[in-house]
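Peer 1: Please find one structure pasted underneath; my questions will follow.
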Amino acid sequence: MSSEGEFEGYGGRHVPEPLEEPLAELTAGFEAAMDSAEFHERLESLQKHYGGRPTPVFRAETLSERYDANIYFKHEDLLHGGAHKLNNTLGQGLLAERAGKERLIAETGAGQHGTATAMVGALLDIPTKVYMGRKDVERQEMNVFRMRLLGAEVEEVTRGNEGLAEAVDAAMEDLIENYEDTHYLVGSAVGPDPFPRMVREFQSVIGREAREQIRKLHGDLPDACVACVGGGSNAIGLFHAFKDDDVAFYGAEPGGKSEDHHSAPLSRTEQDEPQVFQGMKTKVIDEDTENHSVSAGLDYPAVGPEHAALQELGRAEYHAVSDEEALAAFREFSETEGIIPALEPSHAIALALKLAEEDRHDTILVNLCGRGDKDMQTAAEKFDLS
Ligand SMILES: *Cc1c(COP(=O)(O)O)cnc(C)c1O
């Protein structure tokens, strides 16, 4: 893997000319920050005192007994904001502050990344604007309200499909126009270099902590790590610390309702050739396929380039998990462990339980990357508990 952000030919920086210079500047700023003890100290201090790090690892006793395996969870749902998103927004927010940027912009789909960006904008006192497709503004009313309460401006994007992809395009255009005073805070391990490796760096605190924690708790490394994959940031954040270990990696993609898993770029049966999409070369689903998953947070038509590379190298496996399987895991986990997971990590839980059931691994570490409070409305429509 070269320092140019290439992952076995995936990734790279495929952008219009006006974005070359701001991305080169961002890369230099990121690399300088990585060499700065002061930057790391400030980031670690905020992770701890503002974010609540380290988050614990715990052993799911009931599930371990039921599936005759050792099943552990990284409690990333306990991070401030209720998901792993803050790891990335804090890191990039501090980079923007260091570079003297006076505006943060972000794209958001379900609203979780927009909210985590708005939190950091408020914390660091940097005005924040979030681009969100009109359809998402309509169906994620609570998160729009949250972002506005945190002082961010939410701009509705009313072009094309009025979704996440269009919100990214609108944010890119804003960046081209305003890059001198603006940082575009990309929300997953996607987009042109340096974003995939930069987001990985900020999310890899998950795996660094978990590796030490499970060694203490279990006395050994796990046999497998499992995480859900939307753009792929929480998954790469867990995997990265274990990359040189004899630990298998599994990504759970959203299978939605369909039999052929159209919404899952890495695990669908008929894979297309890699494409250049939103600044990176990666695996993408057909443009005309509606990407429907029960979890809005996994609804992205592409996947981070490093995951495409890990799959090609045979270092990681990606499996589609259907809505139905994810919902069953969501209920089982709530009832057995006393924790309501977000619907996104419910896909990872479902895959982990399947691996245990098939006796493929003895000790499994799952990234519980978000809590389920935001999904109560969806769950209430699925389950009649009266
Ligand atoms: C945003 C989100 C995801 C998907 O993003 P990744 O970059 O793939 O991690 C998954 N889970 C939760 C809880 C999220 O908020």
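The values are calculated or read from the model by the stated rules, or taken from the named source; none is laboratory data. Source: prediction; values computed, not measured. Heads up, the Cβs are rebuilt from the backbone with ideal geometry, glycines too, and the neighbour counts pull from every protein chain shown.
Peer 1: Is it true that Pro222 is crowded, with 24+ Cβ neighbours inside 10 Å, under 23 Å from Leu313 (Cβ atoms), over 17 Å from the mean Cα position of the chain (by Cα) and assigned by TED's automatic domain parsing to the domain that holds Asn367? So that I can check it myself, show each step before the final result.
Peer 2: Numbers: crowded, with 24+ Cβ neighbours inside 10 Å: yes; under 23 Å from Leu313 (Cβ atoms): yes; over 17 Å from the mean Cα position of the chain (by Cα): yes; assigned by TED's automatic domain parsing to the domain that holds Asn367: yes.
Spelling it out, Pro222 is indeed crowded, with 24+ Cβ neighbours inside 10 Å, under 23 Å from Leu313 (Cβ atoms), over 17 Å from the mean Cα position of the chain (by Cα) and assigned by TED's automatic domain parsing to the domain that holds Asn367.
Peer 1: Pick from region 64-110 the residues that are in a strand (DSSP E or B) and farther than 30 Å from Thr363 by Cβ: which of them is nearest to the ligand (Cβ to nearest atom)?
Peer 2: Thr108
Peer 1: Hey, among Thr27, Thr55, which residue is in contact with an Asp or Glu (Cβ under 6 Å, 6 or more places away or on another chain) and either under 23 Å from Leu343 (Cβ atoms) or in a helix (DSSP H, G or I) (or both)?
Peer 2: Values: Thr27 fails: in contact with an Asp or Glu (Cβ under 6 Å, 6 or more places away or on another chain).
Going through Thr27, Thr55 in turn, the sole match is Thr55.
Peer 1: From Glu156, Glu177, Glu162, grab the single residue that is surrounded by fewer than 24 Cβ atoms within 10 Å (Cβ to Cβ), of a type outside the set (S, T, N, Q) and under 18 Å from Gln112 (Cβ atoms). Spell out how you get there, then give the answer.
Peer 2: Values: Glu177 fails: under 18 Å from Gln112 (Cβ atoms); Glu162 fails: under 18 Å from Gln112 (Cβ atoms).
Being surrounded by fewer than 24 Cβ atoms within 10 Å (Cβ to Cβ), of a type outside the set (S, T, N, Q) and under 18 Å from Gln112 (Cβ atoms) holds for just one of Glu156, Glu177, Glu162, which is Glu156.
Peer 1: Still on this structure, I have one more. Which numbered condition in (1) under 21 Å from the mean Cα position of the chain (by Cα); (2) surrounded by 14 or more Cβ atoms within 10 Å (Cβ to Cβ); (3) away from the ligand (no atom under 16 Å from the Cβ); (4) of a type outside the set (S, T, N, Q) is the only one that Lys48 fails?
Peer 2: (2)
Peer 1: A further question on this structure: Out of region 10-30, which residues are of a type outside the set (A, V, I, L, M) and under 22 Å from the mean Cα position of the chain (by Cα)? Please lay out each step first, then the result.
Peer 2: Restricting attention to region 10-30, the residues satisfying the condition of being of a type outside the set (A, V, I, L, M) are 10-14, 16-18, 20-22, 25, 27, 29-30.
Selection gives Tyr10, Gly11, Gly12, Arg13, His14, Thr27, Phe30.
Peer 1: Grab the helices (runs of 4 or more DSSP H) fully contained in region 276-385, keeping just those with 2 or more residues being within 22 Å of Ala224 (Cα to Cα), within 17 Å of the chain's Cα centre (by Cα) and free of Cβ contacts under 8 Å to residues at least 40 places away in the same chain.
Peer 2: Working: elements: 305-312, 323-337, 343-357, 376-382.
Where helices (runs of 4 or more DSSP H) fall fully within region 276-385, none carries at least 2 residues being within 22 Å of Ala224 (Cα to Cα), within 17 Å of the chain's Cα centre (by Cα) and free of Cβ contacts under 8 Å to residues at least 40 places away in the same chain.
Per-residue answers, yes or no, for (1) in contact (Cβ under 8 Å) with a residue 12 or more places away in the chain; (2) at positive phi; (3) part of a loop (DSSP other than H, G, I, E, B); (4) away from the ligand (no atom under 14 Å from the Cβ):
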site: Asp193; (1), (2), (3), (4): yes, no, yes, yes
site: Val199; (1), (2), (3), (4): yes, no, no, no
site: Phe202; (1), (2), (3), (4): yes, no, no, no
site: Arg215; (1), (2), (3), (4): no, no, no, yes
site: Gly230; (1), (2), (3), (4): yes, no, yes, no
site: Phe239; (1), (2), (3), (4): yes, no, no, no
site: Asp246; (1), (2), (3), (4): yes, no, yes, yes
